[in-house]
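Step one of this worksheet: look at the structure below.
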There are 2 protein chains.
Amino acid sequence: MAGDPLPSWRDGPTKSAITDFVASVSGAHGSPGVAPEERVAVFDNDGTLWCEKPLPIQLDFILRRLREMAEHQPELRERQPWKSAYDRDYAWLGAVLEAHYAGDDSDLGTVAAGILAAHGGISVDDFERQAGDFLDAAQHPTLGRRYIETAYAPMVELLDLLTSCGFTNYIVSGGGRDFMRPISQSVYAVPRERVIGSSTALTYEGDAAGGVIRRKPELDYIDDGAEKPVRIWSRTGRRPLLAAGNSNGDVPMLEFCSRADTPTFRLLVLHDDAEREFAYTAGAEAALSRAAADGWTVVSMRDDWLTVF
Amino acid sequence: MAGDPLPSWRDGPTKSAITDFVASVSGAHGSPGVAPEERVAVFDNDGTLWCEKPLPIQLDFILRRLREMAEHQPELRERQPWKSAYDRDYAWLGAVLEAHYAGDDSDLGTVAAGILAAHGGISVDDFERQAGDFLDAAQHPTLGRRYIETAYAPMVELLDLLTSCGFTNYIVSGGGRDFMRPISQSVYAVPRERVIGSSTALTYEGDAAGGVIRRKPELDYIDDGAEKPVRIWSRTGRRPLLAAGNSNGDVPMLEFCSRADTPTFRLLVLHDDAEREFAYTAGAEAALSRAAADGWTVVSMRDDWLTVF
């Protein structure tokens, strides 16, 4: 390979571990390698491929829609999650999310009901347009760039390196599959059919013009925690060779990235760079303990990345 | 292209319609064509790519397992669907299936409960081995060949032609996704990640050795009828350019194969060849009417195919 395929990564043990692994499974340096169709890599999205603070990007998209609803229907302004959206007071939502990452989902149903109502009934085509328009334009509140420009350059380089070594990359996100699809190709070079994520239930209504698929205001599944291996299997029928995440919800996916016949690579992005991004471990405690116990590779944003964006 | 890519198809309007369509969307003969990533083709499996008579192949697999269960648990021998399996009396099952295709699912729950019990609790790896072993060995009851040799040669040629013209083929079957995966590559050159089909609910159990995914004895979804467009969208995020089916359950999928910006191709396999395969239209009546009304291409096995297997 001409030049350094990972120029945004600082030379050191983390970078070497990645390049050594990729070389070995893709048959470089005389190693037998793994068959190309088995070279599957899976990446969490929020906090692993792009920024998830101060709130996940999709949540901003949903809050804007809730605010819009509350503007038209005043009675919603006193009900959560519309109240929080309308008042631009995100403390309530932040607390719900933090409780979720700590395993307490008691208020998650209220948020979920709002999320489901926000885009319930619209066609997948309309949803795609709304998500795409939002992602094309919306600015991150503090980083001085658009949300889609908060994708981590080192991770995009890793995706590219894997592709050039015959890997097939999938995004396996707790976020909405159909929210990411409009931008997965342009931001990550991951085609829309390789986006795995949470989804509402969908329904097909036939007509003479090819029918329409609509979002039902009910959840199909949340692609997080133990659901991630299930969704990876359902979609790919394979165990991944490389898995990257950043939070407790990624532990089962990283654990599932294990094969008896070949080494695998488990990578955890550690947010320890308050200067260039954010520093937090809330919601990642179990993942970090597991990484320490099982020798998963922890990537320090501060120390391992020369550039973040 | 060197030689005839569809040698098992008789020259005539059906064959020409297919080759003209493929040439036009893939940019041959100076036509602009459709972007390669948009060249998605979807195929029903049972009755479209391989034989589904006298019973769908997977049903034989399940019946053998039910028989095995009834051999070990005599009390099952008086309960449907174990009774039917144990007595090798398939009239009851045949009637349930025929009623299903005609829109009456009153006994389908009984069959479904048996099917779900047959492989409930086992790991997806064990299920894969059992399905693969069965498909490697089991013989079709009347055609004098193994089940996997009942794939239709003309349809395999069509799959190959599409692949050579930049299409991405998916199998979108009412049958079990995980049942077809062991053989989709070798029989159809469709990799396992491009098999869309029905599925039981799955559950992930973590452990230090990479965890295990098990089949729960409950249905996740049946990929038939209006569920087919939903599953195609969920998996690919695209509308197909070509869709092939043979029964009423394929109508929504063929209908969904429609775009305002480019021609699409809808193909219905008509089983009218009692000599070489089977002749039946039960379960295909609505599809055939729709084909006649909307100009979908009906493929006569008898007239359009020089060879069947």
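The values are calculated or read from the model by the stated rules, or taken from the named source; none is laboratory data. Please read all numbers here as calculations on a predicted model, not as lab measurements. All Cβ positions, even for glycine, are placed from backbone atoms using ideal geometry, and neighbour counts span all protein chains on display. Each accessible area value is taken on the protein alone, full model and side chains, heavy atoms only, with ligands, DNA and RNA left out. Shrake-Rupley method; radii C 1.70, N 1.55, O 1.52, S 1.80 Å.
Remarks
- With its label point put 7 Å out from Cα toward Cβ, B:Gly295 sits 6.5 nm from the same residue's point in the other copies, in order from shortest.
- For A:Thr110, the distances from its label point to the matching points in the remaining copies are 4.9 nm, ordered from shortest, with each point set 7 Å beyond Cα toward Cβ.
- Taking amide H atoms as placed 1.01 Å from N in the peptide plane, the amide H of A:Gly176 lies under 5 Å from those of A:Ser198, each 5 or more residues away in sequence or on another chain.
- Phi angles of region A:298-304 translate, via the Karplus equation with coefficients 6.51, -1.76, 1.60 and θ = phi - 60°, into HN-Hα couplings of 9, 9, 7, 4, 5, 9, 8 Hz per residue; Gly and Pro are given as x.
- Chain B, dipole about Cα centre (Lys/Arg Cβ +1, Asp/Glu Cβ -1), debye to the nearest 20: 400
- With label points defined 7 Å past Cα in the direction of Cβ, position A:Glu75 shows copy-to-copy spacings of 5.4 nm, given to one decimal and shortest first.
- Annotation: amide H of A:Leu219 within the under-5 Å range of A:Ala201, sequence separation 5 or more or interchain, hydrogens built in the peptide plane.
- Lys/Arg +1, Asp/Glu -1 at C-beta; region B:1-113 dipole; positive extreme among B:Leu49, B:Ala95, B:Ser26: B:Leu49
- Chain B: proportion of alpha-carbon pairs further apart than 26 angstrom, %: 46
- With a Cα cut-off of under 28 Å and a minimum spacing of 8 residues unless on different chains, the lysine pairs in chain B number 6.
- Each Cα pair under 8 Å and six or more residues apart adds its separation to the average, and for chain A the resulting relative contact order is 23 percent.
- Cα gyration tensor, region A:75-128 - rounded (a/c under 1.5), prolate or oblate: oblate
- Cα long-axis angle, helix A:124-137 against chain A (0 to 90 degrees, to the nearest 10): 70
- Other-chain or far-sequence residues with amide H under 5 Å of B:Gly33's (modelled H): B:Gly27
- Under the convention that each Lys and Arg Cβ holds +1 and each Asp and Glu Cβ holds -1, the size of the dipole of region B:83-149 around its Cα centre is about 200 debye.
- Other protein chain Cβ atoms within 10 Å, averaged over every residue that makes up B:170-179: 1
- Closest-to-axis residue of chain A (Cβ criterion, axis taking A to B), whole Å: A:Arg235, 4
- Rounded tilt (10° steps) of A:153-164 against the dominant C-alpha axis of chain A: 60
- Only Lys, Arg (+1) and Asp, Glu (-1) charged, at Cβ; the protein assembly as shown dipole about Cα centre in debye: 460
- Rounded accessible area per residue of region B:125-279, 1.4 Å, Å²: 33
- For residues of A:212-221, the mean tally of beta carbons on other chains within 10 Å: 2
- Distance between modelled label sites at A:Ala35 and B:Glu78, nm, 7 Å Cα→Cβ extension: 4.9
- Charge sum, other residues only, whose C-beta stays under 12 Å from B:Ala113's C-beta, Lys/Arg counted +1 and Asp/Glu -1: -1
- Phi-derived couplings, Karplus 6.51 cos²θ - 1.76 cosθ + 1.60 at θ = phi - 60°, listed residue by residue for region A:17-26: 4, 5, 5, 5, 4, 4, 4, 5, 7, 9 Hz, with x used for Gly and Pro.
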